[in-house]
Amino acid sequence: MSAVLDIVSIVLMTLGGVFCVIGAIGVLRMPGFYTRMHAASVIDTLGASLIILGLLLQSGFTLASAKLVILWLLIFFCSPTASHSLANAAYSRGVKPWEPDQGASSSSKN
Amino acid sequence: MGTGSRSVIILEELTAVVLLTLMGAAAIGIARQRNLFGVVMLGGIYSFLMATVLVVLDAVDVAMTEAAVGAGISTVLLLGAIHLTGGTESKPIHRPWLPLFVVAVTGAMLVYGTLGLPAFSDPKAPIHQHVAPRYLTEGPEKTGVPNVVTAVLASYRSFDTLGETFVVFTAGIGVIALLRRRTPRRPREHDQEDRKS
Amino acid sequence: MLRFHSISVVFSLFAFWLLLSGYFTPFLMTLGLLSSVAVVWFARRMDVVDQEGHPLHLGRGVMGYWPWLIVEIVKSAWTVSKLIVHPHLPISPTMLRVKMSQQSPVGQVVYANSITLTPGTISVAIEEDEILVHALTRAGADDLAGGDMDRRVTACEARS
Amino acid sequence: MMMYAAVIGALLVALCLLLTRALLGPTVFDRALAANAIGTLAMLLLAIFQFVGGRPEFVDLALVYGLLNVVGTIAVQKFFRYGDLGEPGVADEEHRL
């Protein structure tokens, strides 16, 4: 039983790590500020959730698992707030969204 | 983490090395950056990496302090300071060779100093021979505080901690007084400075 | 109402304290309870305890909304991941305005945060009863404009 | 315990990529975005390392981390939105955020 649990948790955590890497690749690769934000939200949601789920399977039913659940809730409540305020600040400072025909430049005053 | 097996130690050392390399990259980025907002952001990243290294080295309480002070408070304070000054760093007038030399020599001396220290987490090191075992074994019964770090800080060294708290409190008041904006008194202060100079 | 709220805040803080400390001896638990009461007392003196920071009334409605939202997040995260690793990066970023049918500010926040939490769409600004959304692809924008999420959030607001 | 090696390696790779973005910029918002994402990754790394060390009850450190990450990001954003960290109750526009 515990071996199966171990394998499932390894698979979940590795998948989470893969999604984190994909998100990071997206942050590096995407053109323009807003498109990069979409890539970063993959890390915040799927990557973080899968890793925390994997750790939850490891910890079993203890105080640590309660803390992990709180950690997950924290990510889910706070990451959209942070992203929205980031996007809002960029928008109000006049960062233009990238468009396919406009070329790779999306920089503006900072 | 003395209880771990060999593989855990290798894993931890590898992680620490990678994180320290990233910290080096972040530090070079900070040094080359002219935009001070960028510097603040990279400084926050540096602190997050530093705190992670400290956790890997098993210094949980120091990591907590680093995260709170480095990534939390100082980001906010530096932004407040930038608001009062300006957003870009001016180019230095002459090449900073002398400061670089001083920093390099100091760093080399510090590294040389660490050569004389006992190895990391060596159980025979002097620091693990004198008071540390006493704190660990007798601390909980003598002070009634379940956490050893809290026992040391709040009971064995409580006057020390009290003094520290005063210092931090005073520093906080000083920073708030300096960074506070929209106070009606500020224009007058400027006037006085102008008249003096 | 505010008194009831303060008490519930004390209890949540105390629960959080228990969670972090993990000590269950009577003396330490009393200290923890006292510190939570002190924090709420300070907060009330500073006038920062309010309904919005502690939305108890949304409890029941949200429970039905979350599973749907999580499934939605996983689906769109998968879509965005496929876009990222695609060699040609086939994105078509669009800005669009979405109508909000929620009445209360908390409902609007839930909707805007759900949009942001779903990878591929980000709420950029809120104007009157519209949200300015940046979408990574035209398809994602059309999905959102369909208004399925909006209806569900409004339903969960009504149920509570 | 080597089961954690894969995920730790993946997180370190992701950290490297995000740091590259933070160093490249070009706007300060890109850097802030990378800093926020690095904070999230550091949080996950911390949580995992508590498990590697066999003391999972120290996950609350990661919690504190997460809270600080959000506070830092919001402070940065507030600064760029209003050019000011502001004091609650002084400027009414701040309540819109």
Checklist entry - Mind checking which residues of segment B:29-42 are more than 9 Å from every other protein chain (Cβ to nearest Cβ) and either farther than 21 Å from D:T27 by Cα or in contact (Cβ under 8 Å) with a residue 12 or more places away in the chain (or both)? => result B:I30, B:R34, B:L36, B:V39
Checklist entry - How many of the residues making up segment C:109-139 are in a strand (DSSP E or B) and at the interface with chain A (Cβ under 7 Å from one of its Cβ atoms)? => result 5
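When you go through D:A42, D:A47, D:A6, D:A37 one by one, which is the residue that is more than 7 Å from chain A (Cβ to nearest Cβ) and either surrounded by fewer than 24 Cβ atoms within 10 Å (Cβ to Cβ) or part of a helix (DSSP H, G or I) (or both)?
Details: D:A47 fails: more than 7 Å from chain A (Cβ to nearest Cβ); D:A6 fails: more than 7 Å from chain A (Cβ to nearest Cβ); D:A37 fails: more than 7 Å from chain A (Cβ to nearest Cβ).
Sole residue among the options that is more than 7 Å from chain A (Cβ to nearest Cβ) and either surrounded by fewer than 24 Cβ atoms within 10 Å (Cβ to Cβ) or part of a helix (DSSP H, G or I) (or both): D:A42.
Out of everything in segment C:85-108 that is of a type in the set (V, I, T) and surrounded by 14 or more Cβ atoms within 10 Å (Cβ to Cβ), what residue ends up being nearest to C:H134 (Cα to Cα)?
Step one: of segment C:85-108, the residues of a type in the set (V, I, T) are C:85, C:91, C:94, C:98, C:106.
Still in the list and also surrounded by 14 or more Cβ atoms within 10 Å (Cβ to Cβ): C:91, C:94, C:98, C:106.
Values: C:I91: 12, C:T94: 6, C:V98: 10, C:V106: 21 Å.
The residue in question is C:T94.
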Checklist entry - Has segment C:69-78 got at least one residue that is more than 10 Å from chain A (Cβ to nearest Cβ), at pLDDT below 85 and crowded, with 16+ Cβ neighbours inside 10 Å? => result no
Checklist outcome for this item: Cβ pairs under 9 Å, 6+ apart or interchain, first in segment C:71-91 and in the same structural domain as C:T118 (by TED's automatic domain parsing), second basic (K, R) and outside any loop (DSSP other than H, G, I, E, B), ordered by first then second residue, are C:I84/A:R29; C:L89/A:R29
Next on the checklist: B:G38 - would you say it is in contact with a Ser or Thr (Cβ under 7 Å, 6 or more places away or on another chain), of a type outside the set (A, V, I, L, M), in a helix (DSSP H, G or I) and surrounded by 24 or more Cβ atoms within 10 Å (Cβ to Cβ)?
Outcome noted: no
Checklist entry - Is at least one residue of segment B:4-12 part of a helix (DSSP H, G or I), surrounded by 20 or more Cβ atoms within 10 Å (Cβ to Cβ) and of a type outside the set (D, E, K, R)? => result yes
Item to check | Residue that is modelled with the lowest pLDDT, among those in segment B:158-197 that are within 25 Å of B:S74 (Cβ to Cβ) and of a type in the set (D, E, K, R) | outcome: B:R186
Checklist entry - Tell me, which helices (runs of 4 or more DSSP H) wholly within segment B:71-165 include 3 or more residues that are loosely packed, with under 11 Cβ neighbours inside 10 Å and within 21 Å of the chain's Cα centre (by Cα)? => result B:97-115
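Among the residues of segment B:1-42, count how many are of a type in the set (V, I, T) and within 27 Å of D:R81 (Cα to Cα).
So in segment B:1-42, the residues of a type in the set (V, I, T) come out as B:3, B:8-10, B:15, B:17-18, B:21, B:28, B:30, B:39-40.
Of the ones still in play, those that are also within 27 Å of D:R81 (Cα to Cα) are B:30, B:39-40.
So the answer is 3.
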Next on the checklist: For C:V106, only one of the following conditions fails: (1) at pLDDT below 80; (2) not in a helix (DSSP H, G or I). What is its number?
Outcome noted: (2)
Checklist entry - Just wondering, is there one or more residues in segment A:102-110 that are out of contact with any Lys or Arg (no Cβ under 9 Å at 6 or more places or on another chain), of a type outside the set (A, V, I, L, M, F, W, C), crowded, with 17+ Cβ neighbours inside 10 Å and modelled with pLDDT under 85? => result no
Checklist entry - Any residue in segment B:7-22 that is more than 9 Å from chain D (Cβ to nearest Cβ) and within 14 Å of the chain's Cα centre (by Cα)? => result no
Next on the checklist: Residues that are of a type in the set (D, E), at pLDDT below 80 and at positive phi: does segment C:126-140 have at least one?
Outcome noted: yes
Next on the checklist: Here are the criteria: (1) over 16 Å from the mean Cα position of the chain (by Cα); (2) within 22 Å of A:C78 (Cβ to Cβ); (3) more than 8 Å from every other protein chain (Cβ to nearest Cβ). Tell me which single one C:S104 does not satisfy.
Outcome noted: (1)
Checklist outcome for this item: Subset of segment C:14-32, residues within 20 Å of A:L68 (Cβ to Cβ) and aliphatic (A, V, I, L, M), comes to C:A15, C:L18, C:L19, C:L20
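The values are calculated or read from the model by the stated rules, or taken from the named source; none is laboratory data. It should be emphasised that the depicted structure is a prediction, and the values quoted were computed from it without experimental measurement. Note that we place each Cβ from the backbone using ideal geometry, even for glycine, and neighbour counts take in every protein chain shown.
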